[in-house]
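Student: I'd like to ask some things about the structure below.
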Amino acid sequence: MMKLALPGGIQGFLTEYWQKKPCLIKGGIENFVDPLDANDLAGLAMEAEIESRIVVRNGEHWDVQHGPFEHFPTSEKDWTLLVQAVDHWFEQSSELMNLFSFMPRWRIDDLMVSFSVPGGGVGPHLDQYDVFIIQGEGKRRWRVGDKQPLKTQTPHPSLLQVEPFSAALIDVEMEAGDILYIPPGFPHEGYAIEAALNYSVGFRAPSGRDLLSHFADLAIDEERYNHRYGDPDLRVREHTGEITLPELNRLKSNLTQIFDDEATLHRFFGLYLSEAKHELDLAPSEPEYDVDEVQQLLEEGAVLRRLAGARALYLATVADTLFVDGEAYPMPQAAAQTLADSDAPDPALLAAQTEALVVLTLLINKGYFFFEEA
């Protein structure tokens with residue numbers, strides 16, 4: 001069984017390194033075993049539902065191709081295959097993802113896996129989110145620089161890089177089981193020394209602009225916040241071209257009324273943060289379960305699992321609600337907690353929650369949860 005070994009333990013690592021400075025952890029995963037190989041990754045990249053790309057470097061020239069792919073480069077150097085959300089589609093990757101289950105579930109984004117031949121990489125770049133890069137088979141050299149002003153460059157419309165950086169905080173040749181943690185904003189680059197697999201566990205870090213945009217979509221869809229500006233105490237004034245401070249304050253109040261609506265805001269956060277950013281491998285139940293069947297299976301101790309990549313979340317401030325993949329479902333709080341907190345929810349607790357069973361049956365039939373085969 002693979003085991004995570006962070007410096008100072010989990011809390012020690014979070015206190016000293018998380019969102020503060022990069023960290024190389026040699027042998028960070030004890031008993032590391034690749035959950036897939038290059039052929040498995042290529043197979044995923046041939047599927048239309050799965051986001052993939054091939055990055056090829058030819059001197060100063062870069063090329064990017066987007067999947068699905070029928071053929072792959074035959075050159076033995078300078079190209080990389082990258083596949084997003086592998087954890088959604090390849091069940092064997094769950095053990096690797098579970099190593100990071102100490103993080104809030106809503107913060108974990110997905111597992112991106114790359115296969116590179118010697119010289120393969122995507123060039124110097126920086127991310128606006130935290131990432132753990134795990135070395136699989138093969139060897140790869142990584143350089144990480146300090147935060148610094150660097151010009152961005154786009155050698156290809158689908159490839160955003162930064163200019164080369166000279167000084168490096170970390171310059172290392174990584175081997176299987178090594179982990180490189182990189183906080184947001186630190187430039188880094190990696191190139192394969194020999195054919196290599198890399199696993200990148202990324203984290204969600206929504207920007208204010210993203211939140212505002214998606215909240216506006218919710219307001220439009222639900223036809224909320226249609227209150228208009230009013231000025232019943234309007235007086236004749238000399239300077240009619242001026243927008244006065246009292247008028248600005250009234251306009252501002254139209255916005256503050258929106259953001260003071262905490263009930264809607266909290267529900268929005270549940271909807272937005274539970275939505276999967278990538279396709280899920282949903283397989284609705286055929287035939288569908290009925291409530292009695294689900295209850296019987298739970299009472300018999302059947303193991304209930306959540307679909308890989310599916311997000312189930314709850315908020316203490318939004319009572320009796322479970323959020324799954326951008327939808328809100330009425331659910332007693334205790335049932336919502338076990339479904340959201342655990343990869344194997346408590347069957348006895350769920351079987352005893354009559355109000356939860358109807359919704360749980362719906363979620364199982366939709367494919368978000370399933371019973372593990374004996």
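The values are calculated or read from the model by the stated rules, or taken from the named source; none is laboratory data. Just so we're clear, the structure is a prediction, and the values are computed from it rather than from any experiment. Cβ atoms come from the backbone with ideal geometry, glycine included; neighbour counts cover every protein chain shown.
Yes/no per residue for (1) in contact with a Gly (Cβ under 9 Å, 6 or more places away or on another chain); (2) modelled with pLDDT under 95; (3) not small (Gly, Ala, Ser):
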| position | (1), (2), (3) |
| --- | --- |
| Pro7 | yes, no, yes |
| Gln11 | no, no, yes |
| Cys23 | no, no, yes |
| Lys26 | yes, no, yes |
| Asn31 | yes, no, yes |
| Ile50 | yes, no, yes |
| Glu60 | no, yes, yes |
| Glu70 | no, no, yes |
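Student: While we're on this one: Give me a count of the residues in the range 244-258 that are basic (Lys, Arg) and in contact (Cβ under 8 Å) with a residue 12 or more places away in the chain.
Tutor: The qualifying residues number 1.
Student: Filter the range 213-250 down to the residues that are exposed (fewer than 11 other Cβ atoms within 10 Å of the Cβ) and hydrophobic (A, V, I, L, M, F, W, C) and list them by number.
Tutor: Ile220, Leu234, Val236, Ile243, Leu245, Leu248
Student: Could you check the range 327-345 and list, in sequence order, the residues that are under 22 Å from Met97 (Cα atoms) and not hydrophobic (A, V, I, L, M, F, W, C)?
Tutor: Across the range 327-345, the qualifying residues are Gln337, Thr338, Asp341, Ser342, Asp343, Pro345.
The rows are residues; the columns are (1) outside the structural domain of Val86 (by TED's automatic domain parsing); (2) buried (at least 19 other Cβ atoms within 10 Å of the Cβ); (3) of a type in the set (Ser, Thr, Tyr); (4) part of a loop (DSSP other than H, G, I, E, B).
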residue	(1), (2), (3), (4)
Lys277	yes, no, no, yes
Leu282	yes, no, no, yes
Ser285	yes, no, yes, yes
Gln296	yes, no, no, no
Ala302	yes, no, no, yes
Ala319	yes, no, no, yes
Phe323	yes, yes, no, no
Ala336	yes, yes, no, no
Leu339	yes, yes, no, no
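Student: Are there strands (runs of 3 or more DSSP E) fully within the range 23-88 with at least 1 residues that are among the small types (Gly, Ala, Ser) and over 15 Å from Phe115 (Cα atoms)? List them.
Tutor: none
Rundown of residues vs (1) in contact (Cβ under 8 Å) with a residue 60 or more places away in the chain; (2) acidic (Asp, Glu), yes/no style:
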| residue | (1), (2) |
| --- | --- |
| Asp221 | no, yes |
| Arg228 | no, no |
| Pro232 | no, no |
| Glu242 | no, yes |
| His266 | no, no |
| Leu273 | yes, no |
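Student: Take Val131 and decide whether it is under 14 Å from Glu189 (Cα atoms) and either without any contact (Cβ under 8 Å) to a residue 12 or more places away in the chain or under 22 Å from the mean Cα position of the chain (by Cα) (or both).
Tutor: Yes: the conditions hold for Val131.
Each row is one residue, and each column tells you yes or no for (1) surrounded by fewer than 19 Cβ atoms within 10 Å (Cβ to Cβ); (2) touching a residue at least 40 places away in the same chain (Cβ under 8 Å); (3) assigned by TED's automatic domain parsing to the domain that holds Pro124; (4) of a type in the set (Lys, Arg).
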| site | (1), (2), (3), (4) |
| --- | --- |
| Gly145 | no, yes, yes, no |
| Val162 | no, no, yes, no |
| Ser166 | yes, no, yes, no |
| Leu169 | yes, yes, yes, no |
| Glu173 | yes, no, yes, no |
| Ala176 | yes, yes, yes, no |
| Leu180 | no, yes, yes, no |
| Gly190 | no, yes, yes, no |
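Student: Kindly indicate whether any position in the range 151-171 is in a loop (DSSP other than H, G, I, E, B), more than 25 Å from Ile54 (Cα to Cα) and at pLDDT below 95.
Tutor: Scanning the range 151-171 turns up at least one residue that is in a loop (DSSP other than H, G, I, E, B), more than 25 Å from Ile54 (Cα to Cα) and at pLDDT below 95.
Student: Follow-up. Arg57 fails exactly one of the following numbered conditions: (1) crowded, with 19+ Cβ neighbours inside 10 Å; (2) in contact with an Asp or Glu (Cβ under 6 Å, 6 or more places away or on another chain); (3) under 17 Å from Leu180 (Cβ atoms). What is the number of that condition?
Tutor: (3)
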